[in-house]
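Since every read-out is calculated from the coordinates, none of them should be taken as a lab result. None of these values were measured; they are calculated from a predicted model. Virtual Cβ from ideal backbone geometry, glycine too; neighbours counted across all protein chains shown.
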Amino acid sequence: MAPSPPELDYGEPAEIFANRRGIRLPLFFMRFDSVAMAIQFATEALPEGLINVVLETEHQRLNESLIKAGYEAPGYPLPRPPRSHTRLKEKMP
């Protein structure tokens, strides 16, 4: 069962952290002006081979399942491409 979409302020600044398999320290870090932009990047454009993707705001920490739930939530404010263009689809049911 997919997680419920989290309560998000899509306009709040956010950061994305990720690493490669076998590497414990964050290998990838990027800061975004909004949660919506961070979710869009994590879902549509994050480089392949990164795992343990986490989106952080001042008040929340979202794993890949919650990032995907936020992307698919009715309140997500940005346009979405066809489903075949999303990166996180393979990992989530």
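Using amide H atoms built in the peptide plane, which far-off residues or other-chain residues are under 5 Å from MET30 H to H?
ILE16
Tell me the net charge near ALA14. Cut-off is 13 Å between Cβ atoms, ALA14 excluded, with +1 for each Lys or Arg and -1 for each Asp or Glu.
Surrounding charge for ALA14 is -4.
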